[in-house]
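In what follows, a single structure is set out as structure tokens and then discussed.
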Amino acid sequence: VIETVKAREIFDSRGNPTVEADVILSDGTLGRAEVPSGASTGDREAVELRDGGDRLMGKGVRKAVENVNTEINDALKGLVPFDQAKIDQVMIDLDGTPNKGRLGANAILGVSMAVARAAAQSQGVPLYRYLGGVDLELPQPFFNVINGGVHADSGIDVQEFLITPVKRESFRDGVEKIANTYHTLKGVLGKEGYETAVGDEGGFAPKLASTEAAIEMLYRAIKEAGYVPGEEIAIALDPASSEFYSDETKKYTFEGKEMSSDEMLTYYQELVKKYPAIISIEDGFSEHDWDGFKKMTETMGKEIQLVGDDIFVTNPAIFAEGIEKKVANSILIKLNQIGTVSESIETIKMARANGYTTMISHRSGETGDTFIADFAVAMNAGQIKTGSMARSERVEKYNQFLRIEEELAGYAKLARFPKA
Ligand code: PGA
Ligand code: ZN
């Protein structure tokens, strides 16, 4: 049974405080988990409890830590760690708000993940095996190699330019292809006189003139590395467009122009026509522009993957509305958007039942915790994005897949998108 639950304040990859939770079982097992934090967050995400005041720019998490050490510890003490759903429900009920704002989603998620880890460890099985049983699949990875938006000072409006090894023999083979392309991209950018310092997610942050200029660089790098764009290495975008949408004017301020929802749609249609290596676009429309997102789904949803991130925030209730209204055909899964392991699993199951693909995601503020790698394998999520080939808090997740692939010694299935 659970003996002690406790937390501490640690720091994330941006130097901001975050929660680390420990769950100690009566057999002496320790499960530990660290909580990530976003920058381009959706309005309806579960609440990250921050202290406010002067200390650490108001971003301290001492209250969240205190909530773990007192109320959550009292409520979970004596419970069986294998009943994840019950433990998560106890914390949801204890919090008592619809957005986990009282105890903090950072407090609750840290404990939720640490319970799963402790349970796995106590049974002597790896986390992916504990959560996933025998039906396991290695996801297709999406690497964010050019950073823009609020993740870098590059001045590029689109937040993420991702590349994915659609053709690969193994997870390792895919990572090698991306490593080659990543290093080649650095060379290409350098040759053109651009900076090659990296942004929050380990992608380069060059001051490129436009989205198209960035995509041109990706095409060049893919080809110079010896691969065929689209066939071997494909491209995905996350404009994170809520960040440049005005709720008042209902316009997008994009590349120096005020664009209506219809103009944005035309832009995306032409972009995909010009660059057929693009196979996925996330948050092409704002979380406050469901009509725009729906129209994009109607017109482009047959051809490419349209991922809902800020618009669904991994929330089963909000996602149900999206399914009903036929918005997007894919959902991004971020555990800290909803705040428990169990609710994240529920959202993934809903996606599967309704023909939506799922992509597990890191946050732009990360830690060394590789929970999401095991989680993606266990859930047969199909896809994951966890940054570039730089910054250890990103690369460690990819390295964890290499370990898992080795442990599964050739019998793990490889997820593929698009399906052949
Ligand atoms: P965030 O960005 O972690 O800063 O929210 C990730 C994303 O938008 O996908
Ligand atoms: Zn996003």
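The values are calculated or read from the model by the stated rules, or taken from the named source; none is laboratory data. These numbers were taken from a predicted model, which means no experiment stands behind them. In this analysis, Cβ positions are derived from the backbone assuming ideal geometry, glycine residues included, and neighbour counts consider all displayed protein chains. Areas reflect the complete protein model, heavy atoms only, side chains present, ligands, DNA and RNA absent. Shrake-Rupley method; radii C 1.70, N 1.55, O 1.52, S 1.80 Å.
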> Can you work out ³J(HN,Hα) from phi for every residue in the stretch 69-78, in order, using Karplus 6.51 cos²θ - 1.76 cosθ + 1.60 and θ = phi - 60°, giving whole Hz and x for Gly and Pro?
Replying inline: 5, 10, 4, 5, 4, 4, 6, 9, 4, x
> If contacts are Cα pairs under 8 angstrom and at least 6 residues apart, what is the relative contact order of the chain in percent?
Replying inline: 20 percent
> Counting only residues 5 or more places away or on other chains, whose amide H sits under 5 Å from the amide H of Arg102 once H atoms are built in the peptide plane?
Replying inline: Thr97
> So how far apart, in nm, are the two label points at Asp83 and Asp43 if each is 7 Å from Cα heading toward Cβ?
Replying inline: 3.9 nm
> Using θ = phi - 60° and the Karplus curve 6.51 cos²θ - 1.76 cosθ + 1.60, what whole-Hz ³J(HN,Hα) does each residue of the stretch 366-381 get, with Gly and Pro shown as x?
Replying inline: 10, 10, x, 5, 9, 3, 5, 5, 4, 4, 4, 5, 4, 7, 6, 5
>> Roughly how far apart, in whole Å, are the Cα centres of the stretch 49-94 and the stretch 331-380?
In response: 20 Å
> Can you tell which of Ala234, Ala373, Phe254 lies farthest toward the positive end of the dipole of the stretch 234-388, using +1 and -1 charges on the Cβ of basic and acidic side chains (Lys, Arg; Asp, Glu)?
Replying inline: Ala234
>> What do you get for trypsin sites (Lys or Arg not before Pro) in the stretch 45-107 restricted to DSSP loop and a cutoff of at most 13 other Cβ within 10 Å of the site's Cβ?
In response: Lys77
> What is the local net charge at Tyr219, summed over the other residues whose Cβ is closer than 11 Å to its Cβ (Lys, Arg +1; Asp, Glu -1)?
Replying inline: 0
> Taking the Cα-to-Cβ direction at Asn399 and at Lys302 and moving 7 Å from each Cα, how far apart do the two end points lie in nm?
Replying inline: 4.6 nm
> On average, how much accessible surface per residue is there in the chain, in Å², for a 1.4 Å probe, leaving out ligands, DNA and RNA?
Replying inline: 38 Å²
> Ordered by residue, what ³J(HN,Hα) values in Hz, to whole numbers, does the stretch 339-345 give under the Karplus form 6.51 cos²θ - 1.76 cosθ + 1.60, where θ = phi - 60° and Gly and Pro are x?
Replying inline: x, 9, 5, 5, 5, 5, 5
> Gap in Å between the Cα centre of the stretch 128-193 and the Cα centre of the stretch 274-294?
Replying inline: 19 Å
>> Given the options Gly308, Ala390, Tyr268, identify the residue whose Cα lies farthest towards the positive end of the charge dipole of the chain (+1 on Cβ of Lys, Arg; -1 on Cβ of Asp, Glu).
In response: Ala390
>> Springs between alpha-carbon pairs under 10 angstrom, Gaussian network model over the chain: which of Thr29, Thr357, Thr314 fluctuates most?
In response: Thr29
>> Between Ala213 and Ala353, what is the label-point separation in nm under the 7 Å Cα-to-beta-carbon projection?
In response: 4.8 nm
>> For a quick check: with amide H placed at 1.01 Å from N, whose amide H comes under 5 Å from Ile360's, ignoring anything fewer than 5 positions away on the same chain?
In response: Ile333, Gln383, Ile384, Lys385
> Cα extents of the chain along the three principal axes, largest first, in whole Å?
Replying inline: 60, 53, 42
> Okay, helix-only estimate at 222 nm for the chain: each DSSP H run of n ≥ 4 adds -39500 (n - 2.57), divide by all residues, round to 500 deg cm²/dmol; what do you get?
Replying inline: -11500 deg cm²/dmol
> What does the charge dipole of the stretch 318-404 about its Cα centre add up to, to the nearest 20 debye, if the Cβ of each Lys and Arg holds +1 and the Cβ of each Asp and Glu holds -1?
Replying inline: 260 debye
>> Suppose the chain between Ser260 and Asp291 were pulled fully straight at 0.36 nm per residue; how much longer would it get relative to their current alpha carbon spacing?
In response: 10.0 nm
> Considering only Thr299, Tyr194, Asn180, whose Cα is most displaced toward the positive end of the charge dipole of the chain, charges sitting on Cβ of Lys, Arg (+1) and Asp, Glu (-1)?
Replying inline: Asn180
>> Report, in listed order, any pair from Lys207/Lys274; Lys100/Lys413; Lys251/Lys302 with a Cα-Cα distance greater than 28 Å.
In response: Lys100/Lys413
>> Quick check: at a probe of 1.4 Å, how many percent of the accessible area of the stretch 118-213 sits on carbon and sulfur atoms?
In response: 44 percent
> By how many nm would the segment from Arg172 to Asn16 grow when fully extended, if each residue of separation counts as 0.36 nm and the alpha-carbon distance is taken off?
Replying inline: 53.0 nm
> Once amide H atoms are built 1.01 Å from N in the peptide plane, which residues 5 or more positions from Phe11, or in another chain, come under 5 Å H to H?
Replying inline: Thr18
